[in-house]
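The values are calculated or read from the model by the stated rules, or taken from the named source; none is laboratory data. None of the values given here were measured: they were computed from a predicted structure. Neighbour counts run over all protein chains shown; Cβ positions are idealised from the backbone, glycine included. Accessible surface areas use protein heavy atoms only, side chains included; no ligands, DNA or RNA. Shrake-Rupley method; radii C 1.70, N 1.55, O 1.52, S 1.80 Å.
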Amino acid sequence: MFRHALFIALSVVVLCPANSVIANHDDGNLKLFTEEILPLLKANCLKCHSGEKPKGGLSLTSRQGLLEGGESGPAVDLQNHADSVLLQAINFDGYEMPPTGKMSPKQIAAFTQWVAGGLAWPEDLHEIEVEQEPDAPEVNEKSKQFWSFQPVRKPAVPEVKSTSFVQNDIDRFIAEKLQTAGLSPSPPAEPTELVRRMHYDLLGLPPEPTFVQQWSERISGGKGRLKQDAVSELIDQLLKSPHYGEKWGRHWLDLVRYAETNSYERDGAKPFVWRYRDYVIDAFNQDKPYDRFILEQLAGDELSDSTPDSMIATGYYRLGRWDDEPADPKLALYDELDDIVTTTGQTFLGLTVNCARCHDHKIDPVPQRDYYRLLSFFQNIQRYGVRSEDSVRQASVAEIDKAADPDQVTEATQKYENEIKDARKQLKQIEDLIWDSLENVEKEEFQYEMNRVPIVEEREGSLLTDRQVNRYRKQTERLRDLRANKPSGLASALVVKENVQQIGPTYVLTRGNPHVEGEVVTPGFPAVLSPPEVVMPQVPESAASSGRRRVLANWIASPENPLTARVMINRIWQYHFGRGIVRTSSDFGFQGSRPTHPELLDWLASEFISSGWSVKQMHRLIMSSAVYQMSSRPNEQSYAKDPTNDLFWRFDMRRLTAEEIRDSILWVNGSLNADKMYGPSIFTDIPDAVKAGQSRPGAGWGQSSPEDKVRRSIYIHVKRSLLDPILESFDYADTDQSCPVRFVTTQPTQALGLLNSDFSLQQAQIFAGYLKQHSETETDRVKLALIRVTQRNPTDDEIARGINLMNDLRTVHQMDADESLTYFCLVALNLNEFLYLD
């Protein structure tokens, strides 16, 4: 949450009369006020009951204010102190103050003693000084004029003096600002650099050296120029790869705080959540229109053309944390709803609406009432579960009209048959105890299952104990349930469900406290965006959902929404360039960064909508621009004027992401299993020392087959309390909340992990084996290693340095040939050129 508290000290001086301190106040009462009452007033009361317009007309900043009171009369009655409104309020007798929750008995006793003692007040304290927050921005015509709240209008493409830099209209927007600032754009990147850049940007994997060579020759136009028709062919070829969805789907998973466990102490696994991950990968590969992508995740079950995939998409609602044993269940419910409101607001709209949960937003014109109107769209979603795993399956798991994976069907069938056997075994143990006591008629009746429980119950207290009879009842019910829920071969998915029969009112919660309900509100959109009126659908008695989420999804996915297209196209730009045109990509509000190129942002948003919300078309447009194809090399003049590259005079180099580093290491040594896509997540090898950090070391971390352990990182099980160390150290996404930007850190654990971890050493050994298998001489092995790592031909000096390193390892450190090759491979995997993209 982006909060910036600007405090204004109020020191309104009101002269108290000399007799404001009653003569019989002793030092003990004054000490009580100074040490206990004054801090409690500041912490709990003065935020509302101070200033020029105190709430209810009651100011608590002076003794006189307490005695004069407000709309409800004097706050303190010195004659009959038990009748004081102040004491009644803090005891929750009529009024309930403070609204954030009742004070402790000790605090209430202190107030009672203070009032009974005559309201002691120091003579030199005329008025308590209060630090008061400024008024929240109002929703009015002025606030509605803010740039991001305006409708998207396509601007004219600017005319520029020099067109030598321009390749498409994007470049004209960039060139205009560069020319105005007197900056020169960097020349085009070297063809080999550009091919590697594009391959990583779209697929997240290094290109084969032969691929780099072939395409760099094709796109090279000589004299620092590039053949744009060949560049377009390269982009199209990369976009056809199934690995595109794995790379770009991961960006989306960051935004929706994707994880596969519930967090908290037990951190239990979410059943079938991996289907949502597969849905996202497939959606990007299919180039699913972004507006449809929104509709399916927010209301896939409510669409008239709902599909199995749109049902899976509603797993979006189940990705957050879940406290299966909350101390305050109602508070936990609203925490979960807040998580949905927060993620929806920031991901789709770029608005921090969650800051209005407890009060009006302090920065943006989002009243608290608007927050709860937005929450109302989600009000009757069933909670993820109550406590048990069975409750999760009832509330959040459904069979969908899609064939399950064969392995999963086999496993489920085996489990089902084992449970049938176990239930029958337990029933038979009890039946054997009573069989000899049955009369002939009873034995005949016992053949029919419906008669068995009553016959067994007749033996309670004689042949059978209460516990045995109860056990028989439960196992009979268990067997009946198992027969009614036989594995069907259909897939199960984590989905959203609603309780339509219990649609209750939505309240504005005072100070965000679920136990202090305020006014009732109905579903609505943030007023500052000048939205249409909400028209709620009629809910048939047989309906499985209220239709509310469909109303919200339609508005968010509308071309008329001023934020949706801007926010998403800004994210696409960010993932290509390392930062968005708006740097705060999930905050388009007053405190967010202003766009460096506002006209370009709106032009791109317009193009995005007119393309049918095609993400792949936006890749083609952006990557075909000269600004994308620029070199990352700086020039002194431009660097001096624009060191942060706000105007895009060069391409910013970047470090590989955590997943790209691990996947590239596996690719370099030939062990990456990139062909196997989708399906249940896999488990990598995690050292016991890392597992020891859990409350139950190693709990919930399975063992995968060797071929699965080397699959791409997007398929690694995402356990909130236990992340793969190599991913975590290289700035893996925060799984507890929406992660719009992965800030790149430089820390010792990264170097230590790449040089000394079990993973790195094992992969270096595999790399050494790969080199021995594919080359004969030491020189050839060094050359091949550097080609694999950098995707270019190394120089003679670079090869010589590799050979000299291995010689030193053998002569100085007494290593044998295999060891020296392994450690050379380890060094190669730590090269900056391997870890960074130009």
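Rundown of residues vs (1) assigned to a loop (DSSP other than H, G, I, E, B); (2) closer than 29 Å to Pro514 by Cβ; (3) open to solvent by less than 50 Å² (accessible area, probe 1.4 Å), yes/no style:
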{"position": "Leu66", "(1), (2), (3)": "no, no, yes"}
{"position": "Ala82", "(1), (2), (3)": "no, no, no"}
{"position": "Asp93", "(1), (2), (3)": "yes, yes, no"}
{"position": "Asp124", "(1), (2), (3)": "yes, no, no"}
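As a summary of the residue check, Met103 satisfies the conditions (1) aliphatic (A, V, I, L, M); (2) open to solvent by 20 Å² or more (accessible area, probe 1.4 Å); (3) under 36 Å from the mean Cα position of the chain (by Cα); (4) within 20 Å of Phe33 (Cα to Cα) except for the one numbered (2).
Name the residues in region 805-838 that are open to solvent by less than 60 Å² (accessible area, probe 1.4 Å) and among the polar types (S, T, N, Q), would you? Across region 805-838, the qualifying residues are Asn807, Ser820, Thr822, Asn830. Condition first: under 23 Å from Asp229 (Cα atoms) and among the hydrophobic types (A, V, I, L, M, F, W, C). Can you find one or more residues in region 177-185 that meet it? No: zero hits. Pairing residues of region 241-262 that are over 15 Å from Asn285 (Cα atoms) with residues that are modelled with pLDDT under 95 and among the polar types (S, T, N, Q), at Cβ distances under 8 Å and at least 6 apart in sequence or on separate chains, gives Thr261/Ser721. Right, Asn29: assigned to a helix (DSSP H, G or I), open to solvent by less than 60 Å² (accessible area, probe 1.4 Å), of a type outside the set (Lys, Arg) and modelled with pLDDT under 85 or not? Against the criterion (assigned to a helix (DSSP H, G or I), open to solvent by less than 60 Å² (accessible area, probe 1.4 Å), of a type outside the set (Lys, Arg) and modelled with pLDDT under 85), Asn29 qualifies. Quick one: in region 631-649, which of the residues that are among the polar types (S, T, N, Q) and in a helix (DSSP H, G or I) is surrounded by the fewest Cβ atoms within 10 Å (Cβ to Cβ)? Taking the candidates together, the pick is Gln637. The number of residues in region 702-719 being within 17 Å of Lys270 (Cα to Cα) and at pLDDT 95 or above comes to 6. Scan region 168-178 and give yes if some residue there is open to solvent by 40 Å² or more (accessible area, probe 1.4 Å) and either part of a loop (DSSP other than H, G, I, E, B) or closer than 30 Å to Glu52 by Cα (or both), otherwise no. Scanning region 168-178 turns up no residue that is open to solvent by 40 Å² or more (accessible area, probe 1.4 Å) and either part of a loop (DSSP other than H, G, I, E, B) or closer than 30 Å to Glu52 by Cα (or both). Residues that are open to solvent by less than 60 Å² (accessible area, probe 1.4 Å), touching a Phe, Trp or Tyr at 6+ places or on another chain (Cβ under 9 Å) and not hydrophobic (A, V, I, L, M, F, W, C) were ranked within region 671-680; the one that is farthest from Pro271 (Cα to Cα) is Ser671.
Val231 passes every criterion in (1) closer than 29 Å to Tyr639 by Cβ; (2) out of contact with any Gly (no Cβ under 6 Å at 6 or more places or on another chain); (3) surrounded by fewer than 18 Cβ atoms within 10 Å (Cβ to Cβ) apart from (3).
When Asp135 is tested against the conditions (1) modelled with pLDDT of 85 or more; (2) within 30 Å of Arg594 (Cα to Cα), the lone failure is (1). Taking the options Ala120, Ala116, name whichever one is free of Cβ contacts under 8 Å to residues at least 40 places away in the same chain and surrounded by 13 or more Cβ atoms within 10 Å (Cβ to Cβ). The match here is Ala116.
For the condition closer than 26 Å to Arg383 by Cα, assigned to a helix (DSSP H, G or I) and either under 17 Å from the mean Cα position of the chain (by Cα) or not aliphatic (A, V, I, L, M) (or both), Trp252 qualifies. Here Pro740 does not fit the description of being open to solvent by 50 Å² or more (accessible area, probe 1.4 Å), part of a loop (DSSP other than H, G, I, E, B) and either in contact (Cβ under 8 Å) with a residue 40 or more places away in the chain or small (Gly, Ala, Ser) (or both). Would you check if Ser664 is open to solvent by less than 60 Å² (accessible area, probe 1.4 Å), hydroxyl-bearing (Ser, Thr, Tyr) and either part of a helix (DSSP H, G or I) or without any contact (Cβ under 8 Å) to a residue 60 or more places away in the chain (or both)? The answer is yes for Ser664.
If the requirement is being of a type outside the set (Ser, Thr, Tyr) and closer than 30 Å to Val212 by Cβ, which of these qualifies: Ala181, Ala175, Ala156? It is Ala175. Screening Val409 on (1) among the aliphatic types (A, V, I, L, M); (2) over 21 Å from Thr735 (Cα atoms); (3) open to solvent by 40 Å² or more (accessible area, probe 1.4 Å); (4) within 24 Å of the chain's Cα centre (by Cα) shows it passes everything except condition (4).
Among residues of region 750-766 that are outside any helix (DSSP H, G or I), those with a Cβ under 8 angstrom from a residue that is surrounded by 14 or more Cβ atoms within 10 Å (Cβ to Cβ), sequence gap 6+ or separate chain, pair up as Ser757/Pro725; Ser757/Ile726. Condition first: closer than 21 Å to Leu349 by Cα and of a type in the set (D, E, K, R). Now tell me which residues in region 498-540 satisfy that. If the condition is that a residue be closer than 21 Å to Leu349 by Cα and of a type in the set (D, E, K, R), then Glu533 is the only one that fits. Against the criterion of being among the charged types (D, E, K, R), open to solvent by 60 Å² or more (accessible area, probe 1.4 Å) and modelled with pLDDT of 95 or more, Arg788 does not qualify. Within region 681-705, take every residue that is out of contact with any helix residue (DSSP H, G or I) (no Cβ under 7 Å at 6 or more places or on another chain) and polar (S, T, N, Q) and give me the one that is surrounded by the most Cβ atoms within 10 Å (Cβ to Cβ). Here the residue is Ser704.
Do the conditions hold for Gly56, that is, is it of a type outside the set (Lys, Arg), surrounded by fewer than 16 Cβ atoms within 10 Å (Cβ to Cβ) and in contact with a His (Cβ under 9 Å, 6 or more places away or on another chain)? It is true that Gly56 is of a type outside the set (Lys, Arg), surrounded by fewer than 16 Cβ atoms within 10 Å (Cβ to Cβ) and in contact with a His (Cβ under 9 Å, 6 or more places away or on another chain). Can you pull out every residue in region 711-732 that is closer than 18 Å to Val256 by Cα, in a strand (DSSP E or B) and among the aliphatic types (A, V, I, L, M)? Result: Ile716, single match. Restricting the first member to region 142-153 and to residues that are over 14 Å from Asp602 (Cα atoms), and the second to residues that are surrounded by fewer than 16 Cβ atoms within 10 Å (Cβ to Cβ) and not aliphatic (A, V, I, L, M), the beta-carbon pairs closer than 7 Å and six or more apart or on different chains are Lys144/Ser530. Of all residues in region 509-536, those satisfying the criterion of being surrounded by 17 or more Cβ atoms within 10 Å (Cβ to Cβ) and over 20 Å from Arg383 (Cα atoms) are Thr510, Val516, Val521, Gly524, Phe525, Pro526, Ala527, Val528, Leu529. Of the residues making up region 595-641, those that are modelled with pLDDT of 95 or more and acidic (Asp, Glu) are Glu599, Asp602, Glu607.
Residue by residue, here is whether (1) hydrophobic (A, V, I, L, M, F, W, C); (2) in contact with a helix residue (DSSP H, G or I) (Cβ under 9 Å, 6 or more places away or on another chain); (3) more than 22 Å from Glu399 (Cβ to Cβ); (4) in a helix (DSSP H, G or I) holds:
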position	(1), (2), (3), (4)
Ala283	yes, yes, no, yes
Asp287	no, yes, yes, no
Glu296	no, yes, no, yes
Asp309	no, yes, no, yes
Gly315	no, yes, no, yes
Arg321	no, yes, yes, no
